[in-house]
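Here the structure is laid out as C-alpha cells; the discussion comes afterwards.
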Amino acid sequence: MKPLNTSNHPTPAVMVLGRLMIATLFLVSAAAKVMAPGATIEFIASTGLPFAILGFLIAVAVEVGGGLLLACGIQTRSVAIALAVFSVATGLVFHHDLENQMQLMELLKNIAIAGGLLHIAAIEEPAGGIQRATHGKRWKL
C-alpha cells in the first residue's frame, strides 16, 4: 500500500495516521489532567467557572473517550466534530487573553486542532462502524 497517492482521495493509511496523531494529543492531555487533578481543578476554578470538579471530569471523559474513539475509527465523523467544538470552546474559555502571547498561541493551537478535526470529519464516511485500514470499508458494530 502506498502511503500517499496522486489522486484527490486520501489513502486509508494516511487517514489512520492522521487520526492517531490527533487522538494522541487528547489522550496525553487527559493523562496530564489525571496526573495533576488538583492543579487542573484549580485552573478551571480560576477562570470563574462553577463546578470545577465537574468540569474536570467532563474534560477527562471527552478527551479519553473522544481520543480512543477517534484512534479506533469509531463514529469518526461525529467524534471529530464533537472534539472540534470542544477544542474551540475550551480555547475561548481558557485562552481568551489575546494580549498575552502564550494565551494567543494556545487559542490558535486549539483552532488549528479543530480545523484538522473538521477535515477528518469531511473525509470520513458518515456511516457508523469501525473504519478498516484497508480499502476504506467499514465493519458494522
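For the subset of the stretch 80-120 comprising residues that are outside any helix (DSSP H, G or I) and acidic (Asp, Glu), which member is nearest to Phe43 (Cα to Cα)?
This residue is Asp97.
Considering the stretch 46-67 alone, what residues qualify as being open to solvent by 50 Å² or more (accessible area, probe 1.4 Å) and farther than 24 Å from Gly115 by Cα?
If the condition is that a residue be open to solvent by 50 Å² or more (accessible area, probe 1.4 Å) and farther than 24 Å from Gly115 by Cα, then Ser46, Thr47, Gly48, Leu49, Pro50, Phe51, Ile53, Leu54, Leu57 are the ones that fit.
Pairs under 6 Å by beta carbon, first residue open to solvent by 50 Å² or more (accessible area, probe 1.4 Å) in the stretch 20-40, partner modelled with pLDDT of 95 or more and not hydroxyl-bearing (Ser, Thr, Tyr), six or more apart or different chains?
Listed by first residue and then by second, the contacts come to Leu20/Ala71; Leu27/Gly67.
Please verify whether the stretch 68-83 includes one or more residues that are over 17 Å from Val16 (Cα atoms) and open to solvent by 20 Å² or more (accessible area, probe 1.4 Å).
Yes, the stretch 68-83 contains at least one residue that is over 17 Å from Val16 (Cα atoms) and open to solvent by 20 Å² or more (accessible area, probe 1.4 Å).
Just a yes or no: is a residue in the stretch 39-58 under 16 Å from Asn110 (Cβ atoms), β-branched (Val, Ile, Thr) and not in a helix (DSSP H, G or I)?
Yes, some residue in the stretch 39-58 is under 16 Å from Asn110 (Cβ atoms), β-branched (Val, Ile, Thr) and not in a helix (DSSP H, G or I).
Restricting the first residue to the stretch 50-68 and requiring it to be under 20 Å from Gly91 (Cβ atoms), which pairs with a second residue that is among the polar types (S, T, N, Q) meet a Cβ separation below 6 Å and a spacing of at least six or different chains?
From residues that are under 20 Å from Gly91 (Cβ atoms), the pairs are Phe56/Thr40; Glu63/Ser29.
The values are calculated or read from the model by the stated rules, or taken from the named source; none is laboratory data. From a predicted model like this one, the values you see are computed outputs, not experimental measurements. We place every Cβ from the backbone using ideal geometry, glycine too, and count neighbours over all the protein chains shown. The protein model used for the area step is the full one, side chains on, heavy atoms only, and it has no ligands, DNA or RNA in it. Shrake-Rupley method; radii C 1.70, N 1.55, O 1.52, S 1.80 Å.
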